[in-house]
Each structure stands twice: as C-alpha cells, then as structure tokens.
Amino acid sequence: MIDTTQKLFKIFSDRNRLRIFYLLEQRKMCVCELAYILGVTQPSVSRHLKRMKEVGLIGTEQDGFWTNYFLRKGNKAHENVLCCVKSLLREDKVIEADCKKLKNIDRTKLCCR
C-alpha cells in the first residue's frame, strides 16, 4: 500500500498532471483537448497520461476517432487523496482558466485539422 501511495503522490508532484487530473474530474477528454488547454504538445500530454494510467488513476475508452481519458473510481485510497487534492485546487487561478477554456472547446476543430 505504501508503494501505491508513494506513486500516487509522485503523480501529483507535477503541475501539468495536477491540471490534467482536475480537467478529467470535469469530464472525459482526449489528448488533443488536454494539449490545447495546457498549452503543451500532444506527446507531452501522452507521457503524463501514461504515468497516470500506470498507477490506476485514469482509464481509457475508444469513442470513434478519439481515445477518451477519464478518472477511475472505486479505489477508496485513491478517492480519499483525490478529494483532498481537488479541494486544494478548486480556487487556483490556473485551474480556473483551464476550466474556462474547457467550456469553449470543440474537439472536432482541434483534432481534425
């Protein structure tokens, strides 16, 4: 259990992974949406998502052209930590800006250029 907890905290030691976590708390998203909101490359987002998936924090599902990423539920230890992290991020200015971008995003225009 300590190894799992340590890995989870390492995930949250990175600013972009914290932002991805909060965005995925809002809804399922694809790599291109996350890259646009974060202002980083798609390979960078993919590397973050891979690490998050390795610790069981996120899952994937295919939706036609897109692979959607989402937060996994059901692990009580994860959910307790996630609740704490989410409450700490709620009033962050960067997170607020990310959520504003999320409201206006259209994946068909981002991903199908």
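The values are calculated or read from the model by the stated rules, or taken from the named source; none is laboratory data. Quantities reported herein were computed from a predicted structural model and do not represent experimental measurements. Please note: Cβ atoms are built from the backbone with ideal geometry, for glycine as well, and neighbour counts cover all protein chains shown.
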Output the number of residues of the stretch 62-113 satisfying the condition of being within 14 Å of the chain's Cα centre (by Cα) and among the acidic types (Asp, Glu). 1
So, in the stretch 1-56, exactly how many residues are more than 12 Å from the chain's Cα centre (by Cα), of a type in the set (A, V, I, L, M) and over 16 Å from LYS101 (Cα atoms)? 4
Please pick out the residue among VAL81, VAL94 that is surrounded by 12 or more Cβ atoms within 10 Å (Cβ to Cβ) and modelled with pLDDT under 90. VAL81
